[in-house]
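The values are calculated or read from the model by the stated rules, or taken from the named source; none is laboratory data. Keep in mind the model is a prediction, meaning the values are calculated, not measured. Reconstructed Cβ throughout: ideal geometry from the backbone, glycine too, with neighbour counts over all protein chains shown.
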Ligand code: ADP
C-alpha cells in the first residue's frame, strides 16, 4: 500500500489530488487542516489553542501538531497499511521527526508529490473557495500571509525530499486530468500504484 506525502502551497491542489489518490489506492487520506478544523469545531481547549494560530494563517506549533496528528496516522496506517499525508509535514522539524517515526514503525514515506502553480492562480483559487466554503482563513490578507509562511517554513522541504530521491514536482496550472495522468505514470513506474496497462 502506498505511503505518500503531498506538498503544496495553499491552493496548490494537495487536497484535490490527495482525495483522488486515496480513491485510486485505498490508502488513508490524512489531512492535517481537516483534523485541526475538526478540533476547533469541537470547541475543546486544544481546539481553542489551535484556532489562535490557524485564524491568522500561522503554523500550529509542532508539539500540538504531533499530538493531534500522530494517533490518526498510526490508526490509518494500521487499518490500510498506507497513507496520503495532506498538509503534513510542513516544517523541517516535522519532516525530520516524522522520518524518525517512519523508520521506527516501518512506515517510511515512499514518495513526495510537490504541486505548484503561479502565485496569482493560487490566490484566485483560494478566493473562489472562500465563496463556496467560507473558511475563516481564506481572506486576502490571511491568504498572502499563508503563502509567505509556505515560502519560509515549507519550501525547504522540497530540496530535502529531492535530495532523498523521492520527489515528483508537478505543475497544477493545467487540467486536473493531466496532473493525475502524470502522477499515475510516475507512481506506476516506481511500482507504487497498480498499472492500468494490461500488458504489465
Ligand atoms: P492550506 O494549505 O490551504 O493552508 P490546510 O487546510 O492544509 O490549508 O491548513 C490550514 C491551516 O492549518 C494552516 O494555515 C495552519 O495554520 C494549520 N496547519 C495545517 N497543517 C499544519 C502543519 N502540518 N503544521 C502546522 N500547522 C498546520
Open item on the list: Tell me whether region 119-129 contains one or more residues that are out of contact with any strand residue (DSSP E or B) (no Cβ under 9 Å at 6 or more places or on another chain), surrounded by 19 or more Cβ atoms within 10 Å (Cβ to Cβ) and under 30 Å from residue 63 (Cβ atoms).
Closed with: yes
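Per-residue answers, yes or no, for (1) over 18 Å from residue 14 (Cα atoms); (2) in contact with a helix residue (DSSP H, G or I) (Cβ under 8 Å, 6 or more places away or on another chain):
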site	(1), (2)
124	no, no
145	yes, no
157	no, yes
165	yes, no
173	no, yes
176	no, yes
180	no, yes
184	no, yes
191	yes, no
Task: Of the criteria (1) at pLDDT 95 or above; (2) touching a strand residue (DSSP E or B) at 6+ places or on another chain (Cβ under 8 Å), which one residue 76 fails - done: (1)
Open item on the list: Among (1) within 11 Å of the ligand (Cβ to nearest atom); (2) out of contact with any helix residue (DSSP H, G or I) (no Cβ under 8 Å at 6 or more places or on another chain), there is one condition residue 78 misses while meeting the rest; what is its number?
Closed with: (1)
Task: Single residue of 69, 36, 115, 59 found to be part of a strand (DSSP E or B), within 12 Å of the ligand (Cβ to nearest atom) and buried (at least 16 other Cβ atoms within 10 Å of the Cβ) - done: 115
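The rows are residues; the columns are (1) within 12 Å of the ligand (Cβ to nearest atom); (2) over 21 Å from residue 17 (Cα atoms); (3) assigned to a helix (DSSP H, G or I).
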site	(1), (2), (3)
48	no, yes, yes
64	yes, yes, yes
106	no, yes, no
120	no, no, yes
128	no, no, yes
135	yes, no, no
TODO: Residue by residue through region 146-177, note down the ones that are over 18 Å from the mean Cα position of the chain (by Cα) and in a helix (DSSP H, G or I).
DONE: 163, 177
Task: Flag if residue 134 is loosely packed, with under 12 Cβ neighbours inside 10 Å, at pLDDT 95 or above and closer than 22 Å to residue 36 by Cα - done: no
Open item on the list: It is to be established whether one or more residues within region 5-15 are within 15 Å of the ligand (Cβ to nearest atom), at pLDDT 95 or above and assigned to a helix (DSSP H, G or I).
Closed with: yes
